[in-house]
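Participant: Please find one structure pasted underneath; my questions will follow.
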Amino acid sequence: MLEPSFFKEANDLLMDYLGQRGHGVNIQIQSNLLEMDEGWIKVLSDFKVTVGGSVDGPDFLHDRNRLTSEGMASYHMVIKNVERLKSAGVPVSLLCVINNDHLNHIDEFSEWLNSVACSVRLNPLLRCGNSDGAISLNRYYEFLKQIFISALDKRKNFNIEPLSWMIKSVFLGFQPTECSFSGSCGKNSIAIFPDGNVSACGRSIKGFDFYGNIFEKSLPELLDSPACSALLDRQKNLAASCGMCEIYKWCHGGCPQVNGLFPDKKNCQSTIDFFRWLQKDGLILFKKSLLKEKMLLQKEMKVLEAARSQLEDSREAGSYV
């Protein structure tokens, strides 16, 4: 693992280079949060780094797949480091990889979500590489439904992705913000790998080559490469072939790492069914939850008003003694 001094030196170079060109910088890192000593916490705090930590839910779910190099459970180590980072003022969010096991423990997972004072992202375990327990899209969307319903029941704020952006997009008409669904793949980000290869993101994208290598070509040359152009053209082609779909404005063909150049339409039904559910049943549940929340707040206000009135009466009575 690199020392904190390397990060400080690299950060100074980055800030100097981009600052001279008028660019602001937001630094985010993803970590398993196992190695987090005081030196690293100080650096992350000093440079206002946002940290994403990998936590797959409560300990019995997390520790099934995320063990230390010695084969030991890691959950409590990770959560301890989450709290240390938060105490130092470092913004922390959590990334949960959802597999088939999670569907058997929705209640426990929901309770855990309710106890976590962080934003949380729920990603499905995809069918690639060594992914035992990979979850189908249909089961993943069923999981999201149950989490949505549970969050409403528990009066939990929707700081849960992808549900947060889905609610804003479907209920309020906002543009999807998640790269997989925003139709912006290849436009707003690049990934530079340790060997210098450059692509749209850290995922290996089906059917698309690397743009090239940063040690061999300039960044403008890489962004003008056939591979980059092909990725940008994907969205134009999808608009022509999928533009009439009822959920295209929320889907945009999905992530090319999952769906390739063109999504297989027989695999689209799970996504269509979920957004239909969110538009109808989900919206009804959401409205009922808002009305319930309004009534609870009104009751709380009445209690506060009564307490204030009682306090004022006691003060007036005391002034006559």
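The values are calculated or read from the model by the stated rules, or taken from the named source; none is laboratory data. Computed from a predicted model, the values in this text were never measured in an experiment. Cβ coordinates were reconstructed from backbone atoms using ideal geometry, including for glycine residues, and neighbour counts include every protein chain displayed.
Participant: Quick one: ARG234 ticks every box in (1) surrounded by 13 or more Cβ atoms within 10 Å (Cβ to Cβ); (2) charged (D, E, K, R); (3) part of a loop (DSSP other than H, G, I, E, B) bar one, so which box is it?
Facilitator: (3)
Participant: I would also like to ask the following. What are the pairs, 6+ residues apart or on separate chains, where a residue within the stretch 195-207 that is in a loop (DSSP other than H, G, I, E, B) and of a type in the set (D, E, K, R) has its Cβ under 6 Å from a residue that is at pLDDT 80 or above and surrounded by fewer than 17 Cβ atoms within 10 Å (Cβ to Cβ)?
Facilitator: From the stretch 195-207, no pairs qualify.
Participant: Output the number of residues of the stretch 151-173 satisfying the condition of being under 18 Å from SER93 (Cα atoms), of a type outside the set (S, T, N, Q) and not in a helix (DSSP H, G or I).
Facilitator: 5
Participant: Test CYS128 against the criterion of being more than 14 Å from the chain's Cα centre (by Cα) and either at pLDDT 90 or above or not aromatic (Phe, Trp, Tyr) (or both), and give yes or no.
Facilitator: yes
Participant: Take SER270 and tell me if it is loosely packed, with under 14 Cβ neighbours inside 10 Å and of a type in the set (S, T, N, Q).
Facilitator: Here the answer is no, as SER270 does not meet what is asked.
Participant: I've got another one for you. Look through the stretch 6-30, keep the residues that are closer than 22 Å to ARG84 by Cα and surrounded by fewer than 11 Cβ atoms within 10 Å (Cβ to Cβ), and return whichever of them is nearest to the chain's Cα centre (by Cα).
Facilitator: GLN28
Participant: Can you name every residue in the stretch 216-231 that is part of a helix (DSSP H, G or I) and over 23 Å from GLN257 (Cβ atoms)?
Facilitator: PRO220, GLU221 - these are the residues of the stretch 216-231 that are part of a helix (DSSP H, G or I) and over 23 Å from GLN257 (Cβ atoms).
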